[in-house]
Amino acid sequence: MNSMAAWNKTFLLPAFLFLQLSVFSNGVSFGRIFKRETEGHETNANGVKPLVFLTVSSLASRTRSEEARMLELNWDHIPQNLSENGDVWIGLYNRDPVDDTSNPLVSTRPNPEGYFRTSIRFPVQTFKVDSLTDTCLGFWIALIRNSEILASNCIRARPNWMFQAQSLIGNAALIDLMIPGTHNAGCYADFNPKEDTLVNRYLLTQEETIWDQLVYGIRYLDLRVAYYRSKSSPERFWITHSNFRTEVPVTEVINQVKQFLNATNEIVIMDFHRFVTGFQGSRATARHRELVQMLENELGDYMIPIHFTSWATLNQLWTEDKRLYVGYADETSRKQSFLLFPAVRHLWGDVDTVNGLKAYLNETVCSQTARRLTSAMAQLTPTTAGALFDIYGGLRRMANDVNHHVTRWFRDSWNHCANIVSTDFFLGNNMIEVAIETNKNRFSSV
């Protein structure tokens, strides 16, 4: 397959960019779950224990590939008497500090912003099919007073979080859960400064593969598809962001989802939310039929039949081993298949500011009455002109601006009502952990 750089050069002329980026403004637009219980007994004025967790920054240097994936220290709910105490600090470790808090890799004192970006790189993980666990992935964070640990945590994957919580959530439906998701899940690539073009800055929304997203704990995949013929590849269906094609064929996504379903007992939502290039005109029906046939051939054994409806409990899905919900935006295709559900409803604010996104989500997330899977699209959206002149610095910077807020919003304000929460560069927020803890709290008393 040609490199991303070659594709950009061949297919994307500057004039085309001027025209097509307009889709950003007309409707087209966490990874780790870390959990160790707070160890100390300090609480803030509301009786909430201090929280600490690790995230992976979405920011990346445009000149050095090694200056990416930097670990971030995060904290919240630290009582004022602790935050003002000169003996209280936060440390990053490459070992569990439970027995020895000395010699951290990095240390800092709490500040009102609630996070600190380090210069320690979090390596790309290799998750093997036969050894998926939720053990710590080599880094720990601790809130320390003198030598006493008040709270600690580590960065880890959550490959089995749903099935592990079966006793709590088994009688609930997908619509009743908080589910971590990824916006434009298939628009992923490792960061490469040599390919840091204007187009790529606004094309790529994730850095982890579909397999890695699922292993970390993501359970909702937002997918957009285009149809392209190419002499260099037998593939026809490609993941796209608006009208810009990625290097990821749909078959690659299907294979990774299938691999994950084979390796776990988890339930996954694939949402084919939009079809762009190649799905218009007289050939659209045939191409939809070809894509649906591909899905049913490869994933049909796992696909949930529509007679289960959105009210089916997780226990029902587990009993029948039907663990893949496929949403499909083309109504004609849905009517011809008993394995396709309507596309997930998106709460998309189409805003480019943190305050604008918060205001939109505050009005919509908790006001849903219809019993339908719904995703809060918790990412910022560039304007056409803003992307064209790169005033935002790309989607990585926009994700960095909002991800820390998203964690707090859905943990503290909308935890009682949110369904799916989809983000860009999900390792930069803590939504997987928030979802796991929220679901425990929602159903522990049921």
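Before moving on, here are some points about what is shown:
- Within segment 200-222, not a single residue is among the β-branched types (Val, Ile, Thr), out of contact with any helix residue (DSSP H, G or I) (no Cβ under 6 Å at 6 or more places or on another chain) and over 27 Å from PHE116 (Cα atoms).
- Restricting GLU266, GLU207, GLU235 to those that are charged (D, E, K, R) and surrounded by fewer than 18 Cβ atoms within 10 Å (Cβ to Cβ) reduces the list to GLU235.
- Filter pass, PHE127 being modelled with pLDDT of 95 or more and under 30 Å from GLN256 (Cα atoms): yes
- Of all positions in segment 315-323, at least one carries a residue that is over 24 Å from ASN184 (Cβ atoms), of a type in the set (D, E, K, R), surrounded by fewer than 17 Cβ atoms within 10 Å (Cβ to Cβ) and over 21 Å from the mean Cα position of the chain (by Cα).
- Selection within segment 140-175 - farther than 23 Å from GLN259 by Cα, surrounded by fewer than 23 Cβ atoms within 10 Å (Cβ to Cβ) and among the aromatic types (Phe, Trp, Tyr): none
- Test for PRO104: is it crowded, with 18+ Cβ neighbours inside 10 Å and more than 21 Å from the chain's Cα centre (by Cα): yes
- Selection of segment 61-77 for residues being within 15 Å of PHE116 (Cα to Cα) and part of a loop (DSSP other than H, G, I, E, B) yields only ARG69.
- Subset tally (residues that are of a type in the set (A, V, I, L, M, F, W, C) and over 20 Å from the mean Cα position of the chain (by Cα)) for segment 67-82: 3
- Taking segment 126-139 as the range and being in contact with a strand residue (DSSP E or B) (Cβ under 7 Å, 6 or more places away or on another chain) and surrounded by fewer than 17 Cβ atoms within 10 Å (Cβ to Cβ) as the test, only THR135 passes.
- Enumeration of residues in segment 300-336 that are closer than 17 Å to HIS273 by Cβ and in a helix (DSSP H, G or I): GLU331, THR332, SER333, ARG334
- Checking PHE139, PHE127, PHE116 one by one, the residue that is more than 20 Å from TYR216 (Cβ to Cβ) and of a type in the set (Phe, Trp, Tyr) is PHE116 and no other.
- Scanning segment 201-225 for residues being hydroxyl-bearing (Ser, Thr, Tyr), in a helix (DSSP H, G or I) and in contact with an Asp or Glu (Cβ under 8 Å, 6 or more places away or on another chain) gives a total of 1.
- Hey, VAL351 in contact with a strand residue (DSSP E or B) (Cβ under 9 Å, 6 or more places away or on another chain), under 20 Å from PHE426 (Cβ atoms) and β-branched (Val, Ile, Thr) or not: no
- Restricting GLU207, GLU235 to residues that are modelled with pLDDT of 95 or more and in contact with a Pro (Cβ under 6 Å, 6 or more places away or on another chain) narrows the list to GLU235.
- Residue pairs whose Cβ atoms lie under 9 Å apart, separated by 6 or more positions or on different chains, with the first residue in segment 188-208 and of a type in the set (Lys, Arg) and the second outside any helix (DSSP H, G or I), are LYS194/SER65; ARG201/ASP390; ARG201/TYR392; ARG201/GLY393; ARG201/GLY394.
The values are calculated or read from the model by the stated rules, or taken from the named source; none is laboratory data. These figures come from a predicted structure and were not determined experimentally. So basically every Cβ, Gly included, is an ideal-geometry build from the backbone, and we count neighbours across all protein chains shown.
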